[in-house]
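Engineer: Please read through the structure below; I'll follow up with questions.
The values are calculated or read from the model by the stated rules, or taken from the named source; none is laboratory data. What you see is a predicted model, and the numbers here were worked out from it, not measured in a lab. Counting neighbours? That spans all protein chains shown, and the Cβs are built from the backbone with ideal geometry, glycine included. Accessible surface is based on the protein model in full, side chains and every heavy atom, while ligands, DNA and RNA are left aside. Shrake-Rupley method; radii C 1.70, N 1.55, O 1.52, S 1.80 Å.
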Amino acid sequence: MARNVEFDEQLAVSKAMDVFWRKGYNGTTMRDLTEAMGINSSSLYNTIGDKHELFIRSIKHYTETRMKEAVKQLEPIKSPIKAIEKFIQSSVYVITNEPNSCMAIKTTFEVASTDEQVQKIIKADNEFTYNLLNGLVEKAIQNGEITISQDAAMLTDYIINHFSGWHEFFIIHKNKNRIKNMATFLIKQINQ
């Protein structure tokens, strides 16, 4: 019986995540959440808690899912530089094809500066991305696939900073080709 409740809660959190992703934390009402989840507000409070707790679960679900997907996608790639290129291309795809942009980026600008719980989740997501990419950059430098710099930490920061800028750029301009061109240029720079 407990497994059914867990499954229903996970499904409810996933549905709530979609609402928060689309409308943001401040733009989402309890009514939006209960309608999307197909439950009444007392059921929500009794099983999950308030709007903030549901948001915390939603952003955790989003970031954890994204982390698992990144590892699954990059694990089979043997060449570190090819894995970095794949990560950049996958990021470009998400930036230019997700209708609601990146939930973590949106949350960073909307809530993270004033909410310590959210900030911890976003920071853990950022550290995961940094560690994943930094490990690949270090291996690529060791293998001679990257010669532009021997400073893996700086190069990793350089790559990651592009993603935030591309998100902002795409939200404003909605121009896929310009984002793709910037990504191609970044990949060429790294491959020098």
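Engineer: Run the accessible area of segment 62-191 with a 1.4 Å probe and give the carbon-and-sulfur part as a rounded percent.
Structural biologist: In segment 62-191, the share of accessible area belonging to carbon and sulfur is 52 percent.
Engineer: A further question on this structure: Order these peptides, 128-138, 147-157, by their mean beta-carbon neighbour count within 10 angstrom, highest first.
Structural biologist: Per-residue Cβ counts within 10 Å, averaged per peptide and sorted highest first, yield 128-138, 147-157.
Engineer: Find the centroid of the Cα atoms in segment 132-173 and in segment 52-94, then give the distance between the two in whole Å.
Structural biologist: 15
Engineer: State in Å² the accessible area per residue of the chain; use a 1.4 Å probe, count heavy atoms of protein chains only, and round to the nearest integer.
Structural biologist: 58
Engineer: Once a ≥ b ≥ c are taken as the square roots of the eigenvalues of the Cα gyration tensor of the chain, is the result rounded (a/c under 1.5), prolate (a/b larger than b/c) or oblate (a/b not larger than b/c)?
Structural biologist: In terms of gyration-tensor shape, prolate.
Engineer: Please give the FRET efficiency for Phe185 paired with Thr114, using the beta carbon to beta carbon distance and R0 = 35 Å, rounded to the nearest 0.05.
Structural biologist: It comes to 0.50.
Engineer: Of the options Ser149, Leu54, Tyr25, report the single residue whose Cα projects farthest towards the positive end of the charge dipole of the chain (beta-carbon charges: Lys, Arg +1; Asp, Glu -1).
Structural biologist: The Cα lying farthest towards the positive end belongs to Ser149.
Engineer: Beta carbons within 10 angstrom, averaged per residue: use that to sort the peptides 175-181, 33-39, highest first.
Structural biologist: So the order, starting with the most tightly packed, is 33-39, 175-181.
Engineer: Have a look at His173, His162, His52 and tell me which one the Gaussian network model of the chain (Cα, springs below 10 Å) gives the largest fluctuation.
Structural biologist: Maximum fluctuation in the GNM of the chain, among the listed residues, is at His173.
Engineer: Rounding to the nearest 20 debye, state how big the charge dipole of the chain is about its Cα centre with +1 on each Lys and Arg Cβ and -1 on each Asp and Glu Cβ.
Structural biologist: Taking the Cα centre of the chain as origin, the dipole is about 640 debye.
Engineer: Packing-wise, with mean Cβ within 10 Å as the measure, how do 109-119, 54-64 rank, highest first?
Structural biologist: 54-64, 109-119
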